[in-house]
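To keep things clear, I will list the structure first and then write my remarks on it.
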Amino acid sequence: MTNSHATTGSDAVANAPLVEVRGVSKTFRQRGQAVDALRDVDLSIGRGEFVSLLGPSGCGKSTLLRIIGGLHGPSTGTVTVDGLDPDAARAGKQFGLVPQSPALLPWRTVAQNVRFLTSLHRGRAAHSVMSDPEIDGLLEAVGLSAFAGSYPHELSGGMQQRASLVRAFSLGAPILLMDEPFAALDEITRADMRYLLLDLWSRINTTVVFVTHSVTEAAILSDRVVVMAARPGRVAAEHRIDLPRPRTPEMEDSPEFHETVRVLRADLRESHGR
Ligand SMILES: Nc1ncnc2c1ncn2[C@@H]1O[C@H](COP(=O)(O)OP(=O)(O)O)[C@@H](O)[C@H]1O
Ligand SMILES: [Mg+2]
């Protein structure tokens, strides 16, 4: 090809989705019954994209997240992560995980909890893991500098979850998988955590796959929201969220935001058959 605008091989790789889910189904057996946790799911996630999986409980959000992260294999279909099998991607430390409860080690301080994982990943990851001074910078960004030497039980639930976010971001992993990380927090703390997460994400532009059953959370955080439906678990709709960044609490009062929320709610209702 002589066209100078032609896509070269390396451009094609750079523009290819980071995560590709193709025709994925997952069937679990529960007391002799087959449960279709996922049926025929297709999903592409671009580099640096913030994508939320939104849906009621039981629609397969966690299952899909775990399949992307190589923690479950699909029953049928394929997943690639930067061209790799999720298992291989996991072995290469491509993922950081933020679970619903912070899961900090109780006998280690906040700083030790964060550094413990980075020290495990250092040398085994293809990407660079944060240095201790960089980690200190993140602890400061989330207001935990004064608590670096504290133990988890000395912190509120919100502070523990902030430490858990820092721990995940400090790994420098290309993909962060977050499974309802704010679900156990009170409403006010939860609202603050959204902007804290966005602030961390703006410093470290990783790809985020964020599971939630909160419409407002999905709408304010995401570049794209994937609405899921249950029985069988599947993708019901997808919406690009065009609100400008940085997102602010004031945007939650804007007509654009209300319209986004309205559309997502309508999709959710439709996916329930209501
Ligand atoms: N390890 C498992 N064994 C059996 N059934 C499971 C397992 N994990 C999930 N399921 C079932 O798969 C469906 C989807 O679950 P899940 O992915 O946890 O949904 P969500 O995260 O959206 O609440 C549910 O019916 C759940 O009971
Ligand atoms: Mg779940």
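The values are calculated or read from the model by the stated rules, or taken from the named source; none is laboratory data. Quick caveat: nothing in here was measured; it's all calculated off a predicted structure. Because the Cβ atoms are built from the backbone with ideal geometry, glycine has one as well, and the counts that use them run over all protein chains shown.
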- Query: Is it the case that Arg247 is surrounded by 18 or more Cβ atoms within 10 Å (Cβ to Cβ), in a loop (DSSP other than H, G, I, E, B) and assigned by TED's automatic domain parsing to the domain that holds Arg22?
  - Reply: yes
When every residue in the stretch 51-94 that is touching a helix residue (DSSP H, G or I) at 6+ places or on another chain (Cβ under 7 Å) and under 21 Å from Met193 (Cα atoms) is compared, the one farthest from ligand 1 (Cβ to nearest atom) is Ser52
Restricting attention to the stretch 143-156, the residues that are touching a residue at least 40 places away in the same chain (Cβ under 8 Å), more than 16 Å from Arg115 (Cα to Cα) and in a loop (DSSP other than H, G, I, E, B) number exactly 1
All conditions in (1) more than 16 Å from ligand 2 (Cβ to nearest atom); (2) touching a residue at least 60 places away in the same chain (Cβ under 8 Å); (3) basic (Lys, Arg) are true of Arg240 except (2)
Within the stretch 195-215, residues part of a helix (DSSP H, G or I) and either more than 16 Å from ligand 1 (Cβ to nearest atom) or out of contact with any helix residue (DSSP H, G or I) (no Cβ under 7 Å at 6 or more places or on another chain) (or both) come out as Tyr195, Leu196, Leu197, Leu198, Asp199, Leu200, Trp201, Ser202, Arg203
Pairs returned, first residue in the stretch 43-65 that is in the same structural domain as Ala219 (by TED's automatic domain parsing), second residue that is basic (Lys, Arg), beta-carbon separation under 7 angstrom, 6 or more apart or interchain, are Glu49/Arg224; Val51/Arg224; Leu53/Lys61; Gly55/Lys61; Thr63/Lys26
Per the filter on the stretch 19-72, residues touching a Ser or Thr at 6+ places or on another chain (Cβ under 9 Å), surrounded by 16 or more Cβ atoms within 10 Å (Cβ to Cβ) and in a loop (DSSP other than H, G, I, E, B) are Arg47, Glu49, Gly55, Cys59, His72
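Quick check on the stretch 174-213: of everything there that is among the charged types (D, E, K, R) and farther than 30 Å from Gly83 by Cα, which residue is nearest to ligand 2 (Cβ to nearest atom)? Don't jump to the end; show me each part of the working.
Kept after step one, since they are among the charged types (D, E, K, R), are these residues of the stretch 174-213: 179-180, 186-187, 190, 192, 194, 199, 203.
Checking the rest, the ones that are also farther than 30 Å from Gly83 by Cα come to 186-187, 190, 192, 194.
Working: Asp186: 20, Glu187: 20, Arg190: 17, Asp192: 23, Arg194: 19 Å.
The qualifying residue nearest to ligand 2 (Cβ to nearest atom) is Arg190.
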Note on the stretch 221-249: residues within 16 Å of ligand 1 (Cβ to nearest atom) and of a type in the set (D, E, K, R) are Arg231, Arg234
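Here's the yes/no breakdown for (1) surrounded by 21 or more Cβ atoms within 10 Å (Cβ to Cβ); (2) touching a Cys at 6+ places or on another chain (Cβ under 6 Å); (3) not in a helix (DSSP H, G or I):
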residue: Val114; (1), (2), (3): yes, no, no
residue: Ser119; (1), (2), (3): no, no, no
residue: Ala126; (1), (2), (3): no, no, yes
residue: Pro133; (1), (2), (3): no, no, no
residue: Met159; (1), (2), (3): no, no, no
residue: Gly172; (1), (2), (3): no, no, yes
Of the residues in the stretch 174-192, those that are crowded, with 19+ Cβ neighbours inside 10 Å and not charged (D, E, K, R) number 7
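So which residues in the stretch 216-231 are under 26 Å from Asp253 (Cβ atoms) and assigned to a loop (DSSP other than H, G, I, E, B), if there are any at all?
Initial filter on the stretch 216-231 (under 26 Å from Asp253 (Cβ atoms)): 216-227.
Scanning the stretch 216-231 gives Ser222, Asp223.
For the stretch 150-173, what are the residues that are within 23 Å of Ala125 (Cα to Cα) and either among the charged types (D, E, K, R) or out of contact with any helix residue (DSSP H, G or I) (no Cβ under 9 Å at 6 or more places or on another chain) (or both)? Walk me through it before giving the result.
Step one: filter the stretch 150-173 for residues within 23 Å of Ala125 (Cα to Cα), giving 163-173.
Once the filter is applied, which keeps residues that are within 23 Å of Ala125 (Cα to Cα) and either among the charged types (D, E, K, R) or out of contact with any helix residue (DSSP H, G or I) (no Cβ under 9 Å at 6 or more places or on another chain) (or both), the stretch 150-173 yields only Arg167.
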Of the residues in the stretch 75-112, those that are over 30 Å from Ala16 (Cβ atoms), within 20 Å of the chain's Cα centre (by Cα) and surrounded by 15 or more Cβ atoms within 10 Å (Cβ to Cβ) come to Gln100, Pro102, Leu104
